[in-house]
1. Which members of the stretch B:1-26 meet the condition of being loosely packed, with under 11 Cβ neighbours inside 10 Å and within 15 Å of DNA strand C (Cβ to nearest atom)?
2. Which numbered condition trips up B:I220, out of (1) modelled with pLDDT under 90; (2) of a type outside the set (D, E, K, R); (3) not in a helix (DSSP H, G or I)?
3. Does any residue in the stretch A:51-78 that is within 14 Å of chain B (Cβ to nearest Cβ) and part of a loop (DSSP other than H, G, I, E, B) come within less than 8 Å, Cβ to Cβ, of a residue that is at pLDDT below 90 and within 14 Å of DNA strand C (Cβ to nearest atom) six or more places away or on a different chain, and which pairs are these?
4. Does B:L29 meet the test of being out of contact with any strand residue (DSSP E or B) (no Cβ under 6 Å at 6 or more places or on another chain) and either of a type in the set (A, V, I, L, M, F, W, C) or at pLDDT 95 or above (or both)?
5. Taking the stretch A:14-28, which residues are part of a loop (DSSP other than H, G, I, E, B) and within 16 Å of A:V54 (Cα to Cα)?
6. Before we move on, is B:E38 closer than 27 Å to A:D199 by Cβ, at pLDDT 90 or above and loosely packed, with under 14 Cβ neighbours inside 10 Å?
7. Can you tell me which residues in the stretch B:220-238 are without any contact (Cβ under 8 Å) to a residue 60 or more places away in the chain and either surrounded by 24 or more Cβ atoms within 10 Å (Cβ to Cβ) or more than 8 Å from chain A (Cβ to nearest Cβ) (or both)?
8. Going through the stretch B:6-55 one residue at a time, which ones are farther than 14 Å from B:F68 by Cα, hydroxyl-bearing (S, T, Y) and within 12 Å of DNA strand D (Cβ to nearest atom)?
2 protein chains.
Amino acid sequence: MAEPRWRQIADDLRQKIEDGALGADGKPLPTELELQDEYEASRNTVRDAVKWLVGRGLVYTRSGQGTFVSQKIDPFVTVLQPNEPEGESTAFAFAVKNRSRTPDLSVPRVEIQVAYGVVAAELGLAAGASVVSRHQRRLIDGVPYSLQTTFYPMALVEQGATRLIQATDIAEGAVHYLEDLFKFKEAGRRDRFAVRAADANESAFFVLPDDGRVGVFELIRTGFDEAGQPFRVTVTTLPTDRNQFVLENGKVPALADGDDAPKSSSAEHKP
Amino acid sequence: MAEPRWRQIADDLRQKIEDGALGADGKPLPTELELQDEYEASRNTVRDAVKWLVGRGLVYTRSGQGTFVSQKIDPFVTVLQPNEPEGESTAFAFAVKNRSRTPDLSVPRVEIQVAYGVVAAELGLAAGASVVSRHQRRLIDGVPYSLQTTFYPMALVEQGATRLIQATDIAEGAVHYLEDLFKFKEAGRRDRFAVRAADANESAFFVLPDDGRVGVFELIRTGFDEAGQPFRVTVTTLPTDRNQFVLENGKVPALADGDDAPKSSSAEHKP
DNA sequence: GGGTATTTGTCCGTATGTATT
DNA sequence: AAATACATACGGACAAATACC
């Protein structure tokens, strides 16, 4: 069996979808019963084919309704400035370009936790040391955008940064607050980018499909003082299906507001 | 049916795997037949459960052998310097830290293409203009690392940059070659980061699972001259399952060589 | 709101193919 | 060659979700 039957069917459907012969203008694909007749295969076999398309994100199914081709979504574009000018927003510097989108920020949930794993490693703390965590959810135009938690060594609070443990937004940004309070500068930052599977919390908040197809960006930003000592770690997660990042270096023309985010270039660099 | 049977089984298996009760030390999970007995479900149902785990990347199956829990892989860490000092490697500045890894670079495949889509948009060319594309594959320690294509307007070749259309490596870097030849500087760069599904070529080169679970980073780097005119676009794709990026800004302590890349922080910032 | 038809989701049993040991 | 284990494929029954009258 060179190519399994379900795979042949899947490839055929994909071709027809890309040609626009199927599912155009939001119409559903043929029902499983119809496909069963068309391909002379059992319903379970055509279902396997459709499942493969679902796994590729090409189509989605709705119980009781049918199978539809997925629409590309207009991504959030987050610009990471290399040299932040000033007044960055809370904890994670970001700017979302595009047509008058309205951000929405939850009240921070503040907790005292024990540092472990990544947080302890990044802050250079012994596993078991206390940290303050400030957690926030972001929405843009009502769409879940990011989950963010910033961790500070408990020592900062003991030295007077009491606003860190209040569950209210720090308007000027927590980092700025610390800079003002302690008369120092965040001299450097290191960002780590990775992609991993979404956990249950993220799947629920971002409303991701259950099959684990859509991962999340995990951004770990560590802030250092002049002495090279880390004093905060911010962990931000964002779903990969609706987010892009832009990094600018040196002299770069402004990104036009209506500038379309690239869809895909896969056809353009093939081996 | 609050929770489907297959999902209950999947959750139970996941729990046991995470507890180390199953699949530890490389031993296979119980066979489908054994699971069928254990859970008193049909073989198809336990297969559905296992499929879900496979989709999550928690286990993999090998025909004729069994089902095994996936091992975490030691990721490549690519450092993106904000202000490249000098002598960046060909076309895409990168540095892979870690234990004496040996990079491997294919001979470039050079083509003359018609610009369209992303490339035309980024280079500010009319769709239909000619571009030179230089495509390379990278391996690290024999493991496929990236696919990369850089596009230059054909006009550069007509103005004398003839080495661009030769299928030989440009040791000092193509950008450096252009800078020397035309006495100008790459004054700025814009990087776009996105994640998308791998296409067939990428799946084959990177040896990705067929189910589309693993996406690829797509990095689009556009280089601008002093006048703000784009003169090259580099498209790089790397699988998300084995790559991380690090971005440093300002004064940051050196990244230790053996510094472990973070596994996951999902447990540490939950709503 | 209720009922019904449509469509996908779950679950079962069975048979046979293919890869690996 | 034989045994084992996963992969493919079929057919059937019922459940759950949705739309529509």
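The values are calculated or read from the model by the stated rules, or taken from the named source; none is laboratory data. Predicted model only: the values in this text are computed from it and were never measured. Ideal geometry is used to build each Cβ from the backbone, glycine not excepted, and the neighbour counts take in all protein chains shown.
1. Those that are loosely packed, with under 11 Cβ neighbours inside 10 Å and within 15 Å of DNA strand C (Cβ to nearest atom): B:M1, B:A2, B:E3, B:G26.
2. Every listed condition holds for B:I220 apart from (1).
3. Taking only residues 6 or more apart or on different chains, the pairs are A:G57/A:R213.
4. Values: out of contact with any strand residue (DSSP E or B) (no Cβ under 6 Å at 6 or more places or on another chain): no; either of a type in the set (A, V, I, L, M, F, W, C) or at pLDDT 95 or above (or both): yes.
Judged against the criteria, B:L29 is not a match.
5. Selection gives A:L22, A:G23, A:P28.
6. Yes.
7. Looking only at the stretch B:220-238, we keep the residues that are without any contact (Cβ under 8 Å) to a residue 60 or more places away in the chain, and these are B:223-228.
Of everything in the stretch B:220-238, those that are without any contact (Cβ under 8 Å) to a residue 60 or more places away in the chain and either surrounded by 24 or more Cβ atoms within 10 Å (Cβ to Cβ) or more than 8 Å from chain A (Cβ to nearest Cβ) (or both) turn out to be B:G223, B:D225, B:A227.
8. B:S42, B:T45
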